[in-house]
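Student: Shown below is the structure under consideration.
Values in this text are rule-based calculations from the coordinates and carry no lab data. None of these values were measured; they are calculated from a predicted model. Here the Cβ is made from the backbone with ideal geometry for all residues, glycine too, and neighbour counts use every protein chain on show.
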Amino acid sequence: MTATLSDFFVYSTRTFKALFQPPFRSKDTFQQLEFVTWQSLPVIVFCVSFAAMVTIMESSFHMKLMVQNDSLVPGFASLLILRELGVVVSSLLLTSRVGAGLAAEVGSMQVTEQVDALRMLGIDPIRFLVIPRLIACTVGGVILSLIANLVCLYCAMLISELKLGYSSGSFLTGMRAFVSYKDLVFAMIKGGCFGTVIPIVSCFFGLRCESGAEGVGKATTNSVVVASVAIIVMDFVLTYIFSHFY
Amino acid sequence: MPKLLIDVIDDVGNCLLFVREVMFTALTSPCSFASICEQIWTVTLQSLPTTALAGFFVGAIMTVQFTLQITTFGALGYLGGLSTSGTVREVGPLLIAFLLSGKVGAFTSAELGTMQVTEQIDAIRCLGANPIQEIILPRYLGIIISSFFLLAVGLVMSIFGGMLLGLVFSGINPEEYVRHIPTIVNKFSVANGMFKCLVFAFLLASICTYKGYSARGGAKGVGRAVVSTAVLTMVGIVVFDWLTSLITDTAMNVVLGNS
């Protein structure tokens, strides 16, 4: 356990050091960005729109319980969506899609000794493999959290018009009273932070993958679990920090 | 695009046929009780630390967010009840299902996929045993039953985390925090959360055993099965979250008789 942790610290400092050293592999970075952002977009948009419907229904339930009417639902729901829901759901989805994919990819490269081949050619595998994915995931996390929040708010507006009978104008007015531009910026910062964690964790588990098919499976599972728990813990820390700025 | 659609429909149909076969096996030739207990023990023990940690932090996050929202109304006394109600009804089952899909779902499909690819499942069939009865069914039931234990642990930890943050962040002492939980969380809320947990566990068990059992094509095929299990369970959980919310909402309106 301690050995793993110290390995992880050494590995992540090396990663951050390599982040600022040329050469930058821009072509690979853009390919990864396409994989992370564009190919995850349909799944994330689909899931987030369903999550928005659930949020509206649940907050309407709690409002009726507490203050007997649900006139504050638009404000509360948009607050919940912008501060927590949009970014957390999209990053958890990104973990299971991109994180598992990265761990499986890097893990099978390690098992088939392609990583050793890179090392033999004098290429640092961290700079060659991890850095493009790290940059792509960070940028992709910011973009995806922005899109996920917008889609989520739009769906919440739609469902509150259809189910609760608010016009879109009153939804937007209620929303303006509760949230501000700051919330979107904080959500994007959160998305960037979560996007940084995913490739670091999954490439770490991929690079120390044990041989055989079982090793790759174990690396994938571990990376998904550790990344999801790390996202939840980081979400708590960031929420605590941001709560002083509202 | 039409081909993709047909593939999706094909996959869903195959999965349903697989579930039907598992159910049929469960009714006609059930597996031994000991093997189910073994699976429950493995699954629960495997994900207990993760679930407890995640539950603790979820409770903490809910408390911080609710504090920010309800101080403007001066209703800080209701903090404990509100955040517990939100966790029990909605967030707890959802998050535990997400974590289980990452941990147990990926592990089970990797295990079954490796067994399938290395022809161990064919070997079992050769020995005259039914692989669904011997291998799939204990895992299937084990995941469903142990998800309830994990839900209980996660919810208790979330109340504990919320209580701690209520003390540290919003200045509510634990007695005050606990006092409003029974007034807001009623038995319908708990039943709602348990129903959701059951549905998610059922979905997760079906997808991961199906994907693992139908893995083909070497180590790459196992990797593909694992990744598609993770993505599919996440999507399925979110969709069924909405569906169960709709069902319980309607059911409660019918039972209580209001609008």
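Student: In the protein assembly as shown, what is the count of Lys pairs whose alpha carbons are under 16 Å apart, counting only pairs at least 8 residues apart or on separate chains?
Tutor: Values: A:K64/A:K163; A:K182/A:K190; A:K218/B:K103; A:K218/B:K220; B:K103/B:K211; B:K187/B:K196; B:K211/B:K220.
Pairs that pass both the separation and distance tests number 7.
Student: From the square roots a ≥ b ≥ c of the eigenvalues of the alpha-carbon gyration tensor of region A:3-147, which class results: rounded (a/c under 1.5), prolate (a/b over b/c), or oblate?
Tutor: Numbers: a/c = 3.00, a/b = 2.71, b/c = 1.11.
Because a/c hits 1.5 or more and a/b exceeds b/c, region A:3-147 counts as prolate.
Student: Scan region A:149-231 for GluC sites (Glu not before Pro) in coil per DSSP, keeping those whose Cβ has at most 14 other Cβ atoms within 10 Å, and list them by number.
Tutor: Listed in order of number, the matching sites are A:E210.
Student: Go ahead and collect, in residue order, the members of region B:138-178 whose backbone nitrogen is under 11 Å from a label point 7 Å along the Cα-Cβ direction of B:F33.
Tutor: Counting backbone N atoms under 11 Å from the label point, the list is empty.
Student: Okay, next question. So if I place +1 on the C-beta of Lys and Arg and -1 on the C-beta of Asp and Glu, and nothing else carries charge, what would the dipole magnitude of the protein assembly as shown be about its Cα centre? I want it in debye, nearest 20. All intermediate terms of the calculation are to be shown ahead of the outcome.
Tutor: Details: 29 positive and 29 negative charges, 121 e Å.
In total the dipole reaches around 580 debye.
Student: Rounded, prolate or oblate: which one fits region B:2-249, using the alpha carbon gyration tensor with axes a ≥ b ≥ c (rounded when a/c is under 1.5, else prolate when a/b beats b/c, else oblate)? Before the final figure, lay out each step's value.
Tutor: On the way: a/c = 2.48, a/b = 2.17, b/c = 1.14.
Prolate.
Student: Taking the alpha-carbon centroid of each part, what is the distance from region B:194-229 to region A:1-51 in angstrom?
Tutor: After rounding, the separation between the Cα centres reads 25 Å.
Student: When a/c reaches 1.5 or more, the comparison of a/b and b/c decides; with that in mind, is region A:25-242 rounded, prolate or oblate per its Cα gyration tensor? Display every interim value, and only then the final one.
Tutor: Values: a/c = 2.88, a/b = 2.51, b/c = 1.14.
Prolate shape, in that a/c is at least 1.5 and a/b is the bigger ratio.
Student: Tell me the trypsin sites (Lys or Arg not before Pro) within region B:194-251 that lie in a loop according to DSSP and have at most 16 other beta-carbon atoms within 10 Å.
Tutor: In loop regions of region B:194-251 (DSSP not H, G, I, E or B), the sparsely surrounded trypsin sites (Lys or Arg not before Pro) are B:R216.
Student: Here's a follow-up. For chain B, list the DSSP H helices whose alpha carbon atoms reach 18 Å or more along the long axis and whose average Kyte-Doolittle value is 1.6 or above?
Tutor: B:137-168
Student: Per residue of region A:161-166, what does 6.51 cos²θ - 1.76 cosθ + 1.60 with θ = phi - 60° give for ³J(HN,Hα)? Whole Hz please, x for Gly and Pro, Karplus curve as stated.
Tutor: 6, 6, 9, 9, x, 8
Student: So how strong a dipole does region A:8-91 carry about its Cα centre when Lys and Arg Cβ are +1 and Asp and Glu Cβ are -1, to the nearest 20 debye?
Tutor: It works out to roughly 400 debye.
Student: On to the next question. Exposure proxy check: A:Y240, A:Y181, B:Y213 ranked by fewest other beta carbons within 10 Å?
Tutor: On the way: A:Y240 15, A:Y181 7, B:Y213 21.
Arranged by neighbour count, lowest to highest, A:Y240, A:Y181, B:Y213 become A:Y181, A:Y240, B:Y213.
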